[in-house]
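Here the structure is laid out as structure tokens; the discussion comes afterwards.
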Amino acid sequence: MALSLPTPAAAGGWVADPATFTDWRPLYDPASASLFQVYRKGDRVVALHLGYYRHQRRGAQLVSTGNIMVVQKHPVWTNVGESHIADASGPGTFSVRQSQLRSTPQRLLIWDWFRIAGHDLINPYLAKALLAWEKLAHHGDDGTAIILATPYSDPSQPPTATLQEFMHDMLPSIDATLARVEAQVMAKQ
């Protein structure tokens, strides 16, 4: 069954932009359906990558040690820092993994997390356990990689506010898109 991943609807002043601002893409196993869409709000820009995984197997898994933002010794990109951001989209919300990438012409701030069975999480061990539990409970092994990226120039001032605002404004649209994919999956079972 071929899945399609519709582009999340623009919201909160963010508009889909056909122009791209980077050649960077996450290095993830091929997903059952994926999307890389740029959104713009004023002079700010955010790239959204969604990778929806279904019927996971070796070489096509949501959680894998091979799924990374950039390989070591990449000819263009370098990972210059990783951390976790608690309450990423506001108090009482979930955590995200933060990566800072650098190439000669550009710096990117990246936030990513997993969405499995309605849970947003960053711990790969918990993600694997939740996927196994869902499969044992006969709910399938569906999960999504959600990755946001935005450029910046001042290394001392990464644009966390841009990603927070994007999450606040666009997360309902992203949720609706993922709900449509899940409905598509249920309709074909």
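Values quoted throughout were computed directly from the atomic coordinates according to the rules given, and no laboratory measurement underlies them. Bear in mind that the values here come from a model prediction, so they are computed numbers and not experimental data. FYI the Cβ positions are ideal-geometry reconstructions off the backbone, even for glycines, and counts take in every protein chain you see.
Numbers below:
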item	result
Cα-centred dipole magnitude for region 27-187, charges only on beta-carbon of K, R (+1) and D, E (-1), debye, nearest 20	460 debye
Global form of region 128-186, assessed from the alpha-carbon gyration tensor, a/c cut-off 1.5	prolate
Taking Phe114, Phe36 and counting other C-beta atoms within 10 Å, the order from fewest to most	Phe36, Phe114
Nearest-ten-degree value, helix 124-136 long axis tilted from longest Cα axis of the chain	20 degrees
Inter-label distance, nm, simple model (7 Å from Cα along the C-beta direction), Ala2/Asp175	3.1 nm
Convex hull volume per residue for region 27-187, taking Cα atoms only, in Å³	122 Å³
Full-extension gain in nm, Gln106 to Glu82, via 0.36 nm per residue minus C-alpha separation	6.9 nm
Extension gain from Tyr125 to Val15, taking 0.36 nm per residue of separation minus the Cα-Cα distance	36.1 nm
Environment charge of Ala179, counting only residues whose C-beta is closer than 13 Å and scoring Lys/Arg +1, Asp/Glu -1	-1
Helix-only mean residue ellipticity at 222 nm for the chain, each DSSP H run of n ≥ 4 adding -39500 (n - 2.57), per residue, nearest 500	-7500 deg cm²/dmol
